[in-house]
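Undergrad: Here it is, the structure, as C-alpha cells.
Each reported figure results from applying straightforward, stated rules to the coordinates on display, with no laboratory input. Predicted model, so just to flag it, every value in this text is computed and none were measured. Because the Cβ atoms are built from the backbone with ideal geometry, glycine has one as well, and the counts that use them run over all protein chains shown.
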Amino acid sequence: MTSFFQLWDIIEAERSGLSSQDFTHLSLADRMAQGRDVGEEFIRKVLAHHGVFIKSATSSQDKRQKIDGFWNGEAVQIKLRRSSRGGSNDIAFEVVRNHEKDIPLSKQLEDPNQQGRDWIGSAKHYFVMNQQETEIYHVHAEDLKKIIGEAIKALNNSQMLGHLTGPFNFKGVDLRPTKDRDPESFTPFKVMAFVPVELVKRESYEIVDIPEEPKEPPRPKDIGSAYWQHVLSAQDGEEVEFQKPNNAKKLKFFLNYIKKRKDLDANVDGNVVKLRKAS
C-alpha cells in the first residue's frame with residue numbers, strides 16, 4: 001500500500017516539482033528503502049556536518065519571500081526539487097505563470113505579473129537533494145536563470161518562433177507548459193523548466209548518517225517544574241542552590257532521583273539544597 005508520504009510525494013512532484021517531508025527519525029538505509037523524502041531539518045543537519053551553516057529565516061520571510069534561510073548573508077532555499085520525469089535529477093523551476101501559448105515566452109517574461117515563483121524569487125542559492133538521497137547539490141540561482149534564458153533564446157530562434165505550445169528541449173534544458181492540478185490555483189497554466197543538476201551544480205555534499213543528539217531525560221512526575229529547572233541548570237554546569245522543600249517526602253524523592261542519575265551531586269546544607277555536576 002502506498003504510504004501517506006509516498007502519495008504526497010507523487011502529488012507534489014506532478015503539481016509543482018516540489019516535495020518536502022521530515023523523517024529524520026529513520027536511519028539512512030530505512031529512508032532509502034522506503035522511498036521517503038528527507039525534510040528540511042535533515043538537510044540542514046547534513047549541510048552543517050559539511051561546514052555549511054544555514055541561518056533560519058523568519059516565518060514572515062519564509063511566507064513572503066519563499067526562502068528558508070541565509071548562508072553568508074544571502075537568501076537560500078532548502079528544498080527537495082523533483083521533476084515528474086522518472087528518476088532524473090532535474091531541478092524544477094517555475095518560469096512563467098498564467099501562460100499564454102499565443103504570446104512568445106520571452107515576451108511573457110517581461111510582464112512582472114507573469115514571472116514565475118522561482119524566476120522572481122529572492123533566493124540566491126538552492127540546496128537540492130538528488131533522487132537517490134545520496135547527495136545534496138549547491139546550485140546558484142543565477143546559473144539556473146542563465147541556462148534557462150539560453151533555452152528561451154533558442155526557442156525564439158526555432159520554428160516555434162518563441163511560442164511554447166509543447167515541450168521544447170535545448171541542450172538538456174526542458175521547457176514545458178504545465179497545468180496545476182490544484183483546482184483552486186489562481187495560476188493554473190504555467191511554464192516549468194527542468195534543468196539537469198549536472199549542468200548547474202557548484203558543489204556536492206554526501207548524505208551521511210548523523211548521530212542523534214543525546215536527549216535529556218524526561219521530568220519525573222513527582223518533581224515540580226521549578227525544581228526541574230534547577231536540574232537542567234546543573235546539567236549545563238551551573239552550581240545551583242535553592243531553598244529546601246518543606247515536604248520531607250518530596251525532598252527524599254528528589255535526592256534519591258539525583259543519586260540514581262550519577263551525573264549530578266546533591267547535598268543539603270541547613271535549609272539549602274546544593275546541586276552540581278558530579279566530579
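Undergrad: If you stretched the chain out fully between N247 and N157, how much longer would it get, using 0.36 nm times the residue separation minus the C-alpha to C-alpha distance?
TA: 23.7 nm
Undergrad: In segment 199-279, which trypsin sites (Lys or Arg not before Pro) fall in coil by DSSP and have 16 or fewer other Cβ atoms within 10 Å?
TA: K215, K221, K262
Undergrad: Tell me, R117, R44 in order of fewest to most beta-carbon neighbours within 10 Å?
TA: R117, R44
Undergrad: Arrange the peptides 192-198, 90-96 so that the one whose residues have, on average, the most other Cβ atoms within 10 Å appears first.
TA: 90-96, 192-198
Undergrad: At a Förster distance of 25 Å, what's the computed FRET efficiency of L232 paired with H50, Cβ-Cβ distance as r, to 0.05?
TA: Rounded to the nearest 0.05, the efficiency is 0.20.
Undergrad: Net charge around F168, counting only other residues with Cβ within less than 13 Å of its Cβ (Lys, Arg = +1; Asp, Glu = -1)?
TA: That works out to +2.
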